Amino acid sequence: MLFESHIQASRNQEIVLESFHTVNLEIKREDEIHSVVSGNKYRKLKYNVEYAKQNNYTTLLTFGGAFSNHIAATATAGKLCGIKTIGIIRGEELITKVNENPTLAYAKACGMQFKFVSRSDFKQKDTKTFIEALKVEFGDFYVVPEGGTNTLAVKGCEEILTEADKDFDYICVPVGTGGTISGIINSAKPNQKVLGFSALKGNFLMEDISRFAKQDNWKLISDYHFGGYAKVNTELIAFINRFKAINNVPLDPVYTGKMLFGIADMIKKDYFPKHSKILVVHTGGLQGIKGMNTRLKQKQLPLIQ
Ligand SMILES: *Cc1c(COP(=O)(O)O)cnc(C)c1O
């Protein structure tokens with residue numbers, strides 16, 4: 001069953017990069033936990049869903065953009081656990097595009113109810129007034145924040161690393177809102193270095209991570225966001241396709257693809273000492289490939305295989 005409380009460990013798989021390298025690389029296949037509630041979104045929802053159920057909530061309400069992995073994961077979790085889900089979606093124009101958007105179409109099929117709001121209203125989503133108005137409209141619900149990051153989410157992400165991972169020198173993980181890396185930092189050994197690969201521009205993440213992280217053995221790498229969340233270029237797409245051909249591991253274009261592109265570049269630049277043992281966390285997000293391919297096709301660019 002999906003949200004049972006025993007700790008599930010995912011397997012570590014050895015990987016290689018195209019260019020010759022002298023480090024040991026393994027990838028933790030969190031993407032294999034579930035086809036949609038995969039990777040970190042499973043970890044982040046687990047204790048939140050448990051809490052909602054224990055406190056007799058019948059509805060989860062959350063927020064996200066048009067291609068959000070978190071929206072897809074929450075919709076799936078709701079369906080599997082018999083809890084109603086409501087998604088507050090950024091962008092009023094999407095209301096007529098649900099069926100052509102793979103993420104929203106999927107979430108709808110899982111039973112998620114949507115409310116589409118303007119970008120400026122979406123910015124108000126954490127205010128009391130906004131939430132109160134939603135309660136008038138939808139009745140009582142349990143709020144899962146955008147991207148799913150809160151204390152219970154970090155607790156879930158503390159279960160990604162296990163004792164068997166203690167010999168790695170570096171743990172690499174993609175960063176969106178910072179919840180996942182915070183859990184990893186908390187369960188890493190003090191001698192392990194946690195590297196976070198930011199999918200966003202800007203340094204505001206440092207503060208968010210510091211709020212939840214209990215150790216300071218981490219560093220944010222901000223050179224490989226490719227201009228922001230949904231931004232890609234043909235070099236990145238080619239890298240993702242070659243990586244899959246060589247390792248038989250699919251990567252998503254928003255988080256894990258950019259992280260591995262970054263790791264390959266840093267290895268080339270001798271960032272890691274020779275024979276370093278590096279564990280890369282595959283946080284999932286593969287449901288987003290379809291949506292990205294729709295956009296790549298419109299621009300007549302090569303697709304993700
Ligand atoms: C959401 C997501 C992240 C970012 O996680 P945060 O906890 O928000 O930092 C990383 N990878 C994938 C695949 C995601 O879906």
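Each reported figure results from applying straightforward, stated rules to the coordinates on display, with no laboratory input. Model, not experiment: these values are computed from the prediction. Please note: Cβ atoms are built from the backbone with ideal geometry, for glycine as well, and neighbour counts cover all protein chains shown.
Residues with amide H under 5 Å of Val175's amide H, sequence separation 5 or more or different chain, H placed in the peptide plane at 1.01 Å from N; which?
For Val175, the qualifying residues are Phe197, Ser198, Ala199.
Starting at the first residue of region 10-23, write each ³J(HN,Hα) from the Karplus equation 6.51 cos²θ - 1.76 cosθ + 1.60 with θ = phi - 60°, in whole Hz, x for Gly and Pro.
8, 7, 9, 10, 5, 10, 10, 10, 4, 7, 4, 8, 10, 10
Using modelled backbone amide H atoms (1.01 Å from N, in-plane), which distant-in-sequence or interchain residues come within less than 5 Å of Ile15's amide H?
Leu25, Glu26, Ile27
To test your reading of the geometry: what angle, between 0 and 90 degrees and rounded to tens, separates the Cα axis of helix 39-54 from the longest principal axis of the chain?
40 degrees
Calculate I(q)/I(0) for region 102-226 by the Debye formula, one identical point scatterer on each C-alpha and no solvent, and give its log10 at q = 0.10, 0.16, 0.19 Å⁻¹ to two decimals.
Values returned for q = 0.10, 0.16, 0.19 Å⁻¹ are -0.43, -0.91, -1.08.
Just subtract the alpha-carbon distance of Ile246 and Lys189 from 0.36 nm times their residue separation and send over the number in nm, one decimal. Could you put the intermediate results ahead of the total?
Numbers: separation 57, 0.36 × 57 = 20.52 nm, distance 3.10 nm.
Length gained between Ile246 and Lys189: 17.4 nm.
How big, on average over all directions, is the shadow cast by the Cα convex hull of region 18-136, in nm²?
Mean projected area of the Cα convex hull: 10.4 nm².
Each label point is 7 Å from the Cα along the Cα-to-Cβ direction; what then is the distance between the points at Glu137 and Glu235, in nm?
4.2 nm
Counting only DSSP beta bridges with both residues in the chain, tell me the antiparallel percent, nearest 5.
10 percent
Using a Förster distance of 30 angstrom, determine the FRET efficiency expected from the C-beta separation of Phe20 and Asn203, and round it to 0.05.
0.35
Taking 0.36 nm per intervening residue step and subtracting the Cα-Cα distance, what contour gain separates Lys166 from Tyr51 on full extension?
Result for the pair: 38.4 nm of gain on full extension.
What number comes out for the charge environment of Ser38, summing +1 per Lys or Arg and -1 per Asp or Glu over other residues with Cβ under 11 Å away?
Local net charge: -1.
Taking only the alpha-carbon atoms of region 181-220, what semi-axes of the equivalent ellipsoid follow from 5 times the gyration tensor eigenvalues under a square root, in whole Å, largest first?
Over the Cα atoms of region 181-220, the ellipsoid semi-axes are 18, 11, 7 Å.
Could you check the simple spin-label distance between Asp265 and Arg211, using points 7 Å along Cα→Cβ, in nm with one decimal?
Output for this residue pair reads 2.8 nm.
Just Arg29, Arg242, Arg119 to compare: in a GNM of the chain, with alpha carbon springs under 10 Å, which one fluctuates most?
Of Arg29, Arg242, Arg119, the most mobile in the Gaussian network model is Arg119.
Percentage of Cα-Cα pair distances in the chain greater than 35 Å, rounded to whole percent?
I get 16 percent for the Cα pairs in the chain exceeding 35 Å.
Taking each pair of different alpha-carbon atoms in region 182-259 once, compute 1/r for the pair, average those values, and report the inverse of that mean as the Kirkwood hydrodynamic radius in Å to one decimal.
Working: mean 1/r = 0.0722 Å⁻¹.
With all distinct Cα pairs of region 182-259 included, I get 13.9 Å.
For region 103-174 and region 240-264, what is the separation of their Cα centres, given in Å?
Their Cα centres are 25 Å away from one another.
What distance in nm separates the two pseudo spin-label positions at Thr151 and Gln13, each 7 Å out from Cα along the beta-carbon direction?
Taking the simple label geometry, Thr151 and Gln13 are separated by 3.7 nm.
Full-extension gain between Glu32 and Asp126, please, as 0.36 nm times their residue separation minus the C-alpha to C-alpha distance. The partial results should precede the final answer.
Numbers: separation 94, 0.36 × 94 = 33.84 nm, distance 3.20 nm.
This chain segment gains 30.6 nm when fully extended.
Kindly provide the Kirkwood hydrodynamic radius of region 53-95 in Å, to one decimal, from all pairs of distinct alpha carbon atoms.
Hydrodynamic radius (Kirkwood, Cα only) of region 53-95 equals 11.0 Å.
Which of these, Thr129, Thr256, Thr151, has the largest mean-square fluctuation under a Gaussian network model of the chain (Cα springs below 10 Å)?
Result for the chain, Cα springs under 10 Å: Thr129 fluctuates most.
Give me, ordered by chain and number, the residues 5 or more places off Phe116 or on other chains with an amide H under 5 Å from its own placed amide H.
Ile89
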